Number of protein chains: 2
Amino acid sequence: MRKALTTENDAFGHALMDHLEGRPAHELIERSDGYLDVSAGGDTYFAAPTAQQARIAEHAVGRVLDVGCGAGRHALYLQERGREVVGIDVSPLAIEVCRRRGVRHARVMSVEEVDGSLGRFDSVVMLGNNLALLGSAARAKRILKRLHRAVVPGGRLIGETLDPYQSGDPDHAAYHAENRSKGRMGGQVRMRVRYKKYRSPWFDYLFLSRDELEAVLVGTGWRLAEVIAESGPCYAVRIERLGDS
Amino acid sequence: MRKALTTENDAFGHALMDHLEGRPAHELIERSDGYLDVSAGGDTYFAAPTAQQARIAEHAVGRVLDVGCGAGRHALYLQERGREVVGIDVSPLAIEVCRRRGVRHARVMSVEEVDGSLGRFDSVVMLGNNLALLGSAARAKRILKRLHRAVVPGGRLIGETLDPYQSGDPDHAAYHAENRSKGRMGGQVRMRVRYKKYRSPWFDYLFLSRDELEAVLVGTGWRLAEVIAESGPCYAVRIERLGDS
């Protein structure tokens, strides 16, 4: 999502806040073709990382920028292990949830707004499918160049996403084909978050195969260094910052 | 819902069928003001009745018409206890689920279509909030008169619903007020079922306080005989058929 949400449209944040305060909460994801389902996030937003997720997060060294920090799941984990973490999220209520849960540095900010005011980082994390916040091929280029400036030489980006073409669901396959026919990337999912009376603005979420990810990185100052883990369509990567060009 | 659904819009039925076949399924309810949440039904559609629900269902004696039989929860329970049960539902996939689960008599039919072709019944059940299928004050009158003709003298209707005015949720209270300002009953909820790519047509679901229920029954040949059970805003009633006028 591109800019800060308001209390009127922060569907994701309201779901997180309700969950934090003990009310049952189901974040719903609506796709532009009307496909609607319960988010895969749910309770996991508040759960400690699994052993596998912890191993992935451990690749974030030094001072860490957590993009799309949500309820603070990864920020808390890394903070407890001695990293200095700055969490950003476009959801004001998510940031409030992070603060209440003990994330020391949490700011309402889009990844497209990251600048020198946050200082420089050794690592950026975009975990739990957050690499999809790259949004589109064009937006990905802008964001990656911006993150390049925010990260020290030798820095890294640890990301998780999924290969959309591994889904066996014909409704998803039809959506990918429709995307391509419009000149969008297959896994460029236009969606919004809904929760009770709240609806976020529509935004693009970009799922990428590994080949697509490598293509998106070209010219941005980043290079795919390693696939850290994979499980079905999901995979985690370490992307390394190239020298200043 | 008023008429048979098709495979294209039978959102409820698709959710039931996916659940039956072991796929995760979340039925979603969207209200006309955009309020969206996970159905309270969910897994309970397939669960055996609780002790309390079983006690309520036991009030259905003799030959039973199960209106809105869904996945056959109550039909199976009553059938196993020797009642002859006919289940009807506007969802073709729900009826298919009922048959696969062993409901012996299940038909795709709206309660507004009930006629002599089904034979006569000793009891009608509208359990699990199904009394709300009465839909609106006008529709309720039509349905109740039709059920009066379908039931033998001395017959009964066992129904469950909830008193909408006991909700503490301000979004619900605002909806009730808006309804009244339009000349609708407060608890007359216009909604549709959504599940993945499927959306049902919009339909009215009528939640009633006890006073409202008694008022709706006037002139239909039915009379509120007993509140069998209540739990918070939810309550179950035995409604008795008056003699032919």
Exercise for the section: Search region A:177-194 for residues being charged (D, E, K, R) and within 14 Å of another protein chain (Cβ to nearest Cβ), and hand back the single one that is farthest from B:E30 (Cα to Cα). Expected result: A:E178
Exercise for the section: Taking the options B:V86, B:V90, name whichever one is of a type outside the set (D, E) and within 18 Å of B:R199 (Cα to Cα). Expected result: B:V90
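Considering each of A:G243, A:G168 in turn, give the residue that is under 22 Å from A:F121 (Cα atoms), modelled with pLDDT under 95 and out of contact with any helix residue (DSSP H, G or I) (no Cβ under 9 Å at 6 or more places or on another chain). Show your work before the answer.
Details: A:G168 fails: under 22 Å from A:F121 (Cα atoms).
None of the other options fit; the residue is A:G243.
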Exercise for the section: Return the total of residues in region A:158-170 being in a loop (DSSP other than H, G, I, E, B) and under 22 Å from A:A60 (Cα atoms). Expected result: 0
Problem - The listed residue being surrounded by fewer than 17 Cβ atoms within 10 Å (Cβ to Cβ) and touching a Leu at 6+ places or on another chain (Cβ under 7 Å), out of B:G102, B:G154, B:G135, B:G82 - result: B:G102
Practice task
Return only the number of the condition from (1) of a type in the set (S, T, N, Q); (2) in contact with a His (Cβ under 7 Å, 6 or more places away or on another chain); (3) within 14 Å of another protein chain (Cβ to nearest Cβ) that B:T220 does not satisfy.
Solution key: (3)
Exercise for the section: Select from region B:1-57 the residues that are away from chain A (no Cβ under 14 Å), in contact (Cβ under 8 Å) with a residue 12 or more places away in the chain and part of a helix (DSSP H, G or I) and list them in ascending order. Expected result: B:G13, B:L16, B:M17, B:L20, B:T44, B:Y45, B:Q52, B:Q53, B:A54, B:R55, B:I56, B:A57
Handout entry: Check on B:D204, in contact with a helix residue (DSSP H, G or I) (Cβ under 8 Å, 6 or more places away or on another chain), under 18 Å from B:G34 (Cα atoms) and among the acidic types (D, E)
Key = yes
Handout entry: Any pair with Cβ under 7 angstrom, 6 or more apart, that starts in region B:195-206 at a residue that is within 14 Å of another protein chain (Cβ to nearest Cβ) and ends at one that is among the acidic types (D, E) and assigned to a strand (DSSP E or B)
Key = B:K196/A:D37
Exercise for the section: Could you pull out the residue among A:L144, A:L131 that is modelled with pLDDT of 95 or more and out of contact with any Asp or Glu (no Cβ under 9 Å at 6 or more places or on another chain)? Expected result: A:L144
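Can you give me the number of residues within region A:58-71 that are in a loop (DSSP other than H, G, I, E, B) and among the β-branched types (V, I, T)?
1
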Exercise for the section: Answer yes or no: is there a residue in region A:99-106 that is out of contact with any strand residue (DSSP E or B) (no Cβ under 7 Å at 6 or more places or on another chain), over 22 Å from A:A229 (Cβ atoms), modelled with pLDDT of 95 or more and not basic (K, R). Expected result: yes
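Take B:E230 and decide whether it is surrounded by fewer than 19 Cβ atoms within 10 Å (Cβ to Cβ), within 14 Å of chain A (Cβ to nearest Cβ) and acidic (D, E).
On the way: surrounded by fewer than 19 Cβ atoms within 10 Å (Cβ to Cβ): yes; within 14 Å of chain A (Cβ to nearest Cβ): no; acidic (D, E): yes.
Considered against the rule, which asks whether it is surrounded by fewer than 19 Cβ atoms within 10 Å (Cβ to Cβ), within 14 Å of chain A (Cβ to nearest Cβ) and acidic (D, E), B:E230 comes out as no.
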Completion exercise
Only one of B:R194, B:R180, B:R190 is within 22 Å of B:K3 (Cβ to Cβ) and out of contact with any Ser or Thr (no Cβ under 7 Å at 6 or more places or on another chain), namely B:R194
Exercise for the section: Consider only pairs whose beta carbons are under 6 Å apart and that are at least six residues apart or on different chains; among these, list those whose first residue lies in region B:58-71 and is closer than 24 Å to B:D18 by Cβ and whose second residue is part of a loop (DSSP other than H, G, I, E, B). Expected result: B:A71/B:F46
Handout entry: Subset tally (residues that are touching a strand residue (DSSP E or B) at 6+ places or on another chain (Cβ under 7 Å) and part of a loop (DSSP other than H, G, I, E, B)) for region A:176-209
Key = 7
Fill in the blank from the handout: Per the filter on region A:1-47, residues of a type in the set (K, R) and modelled with pLDDT of 95 or more are A:R31
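Does A:G116 meet the test of being crowded, with 21+ Cβ neighbours inside 10 Å and modelled with pLDDT under 95? First the steps, then the outcome.
On the way: crowded, with 21+ Cβ neighbours inside 10 Å: no; modelled with pLDDT under 95: yes.
No, not satisfied.
The values are calculated or read from the model by the stated rules, or taken from the named source; none is laboratory data. What you are looking at is a predicted structure, and each value in this text was computed from that prediction instead of being measured. All Cβ positions, even for glycine, are placed from backbone atoms using ideal geometry, and neighbour counts span all protein chains on display.
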